[in-house]
Each structure stands twice: as C-alpha cells, then as structure tokens.
Amino acid sequence: MGLSELIENDIETITKEEMREMAGKIHHAGKRLHRRIEKFLDYAELISQHSAIGKPAVKVGMATLINPDEVVKRLTYLARDYSRNGDLETDLESSYVEIREDYFEI
C-alpha cells in the first residue's frame with residue numbers, strides 16, 4: 001500500500017518515470033498476491049474434497065495416503081443420494097497427495 005499512498009499523496013511532484021516505476025512495482029505485487037490466492041484456493045479445494053471422505057488426505061510437507069475404499073464409500077453414498085447407483089463404476093488405486101511446503105511461498 002505504501003507506493004499507492006505515495007502516488008496518491010505526492011501526485012503533483014512525482015515524475016512520469018517515477019510513477020511508471022511505482023506502478024510496475026504495484027502491478028508485480030498484485031500478480032504475486034493473485035498467485036498466492038490461487039494457490040490457497042487450490043489447497044482449500046483439496047482439503048474440502050478430501051475431508052468429505054472423513055479424514056484428512058492432504059498434508060503440507062509430507063505425503064498422505066488416500067484410501068480408495070473411503071473414496072468408493074463416499075461415491076456410493078453420493079450416487080445413492082442422486083439415484084445414480086447404476087451409473088457408478090470405479091477402478092481406484094491407493095494414491096498420495098503431496099504439497100511441498102515451498103508451494104505457498106511467494
């Protein structure tokens with residue numbers, strides 16, 4: 001916020017070149033914030049999807065096993081709720097979801 005306040009407060013004394021440089025820095029900071037928000041939303045989506053099966057399947061910094069039996073159980077409930085039991089076919093294997101700790105760094 002500092003650069004935008006500087007522009008706002010000193011607009012009459014800032015040169016075009018200084019303003020262009022500050023605008024570039026503000027733009028870069030906005031892009032970094034956008035990337036961080038996207039990463040957070042990705043992480044929140046994974047947590048939301050996997051917590052629906054009753055236990056965490058995603059941990060930051062370590063691999064976590066996703067139990068296919070739990071996934072099939074949850075899918076079966078969903079299929080039944082929507083009267084789609086006949087449509088459900090699954091072929092799942094155990095898998096791991098791992099998110100590196102540095103993924104959330106700017």
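Here the label points at Lys31 and Asp81, each 7 Å from Cα along the C-beta direction, are separated by 4.1 nm in the simple model. All other residues whose Cβ lies under 11 angstrom from that of Val72 are scored, Lys and Arg at +1 and Asp and Glu at -1, for a net of -2. The calculated FRET efficiency for Glu38 paired with Ile11, based on their beta-carbon distance and R0 = 41 Å, is about 0.80. With the simple spin-label model, which puts each label point 7 Å out from Cα in the Cβ direction, the Met19 to Glu45 separation comes to 3.9 nm.
Coordinate-derived values only; no laboratory data. The structure displayed is predicted, hence computed values, not measured ones. Please note: Cβ atoms are built from the backbone with ideal geometry, for glycine as well, and neighbour counts cover all protein chains shown.
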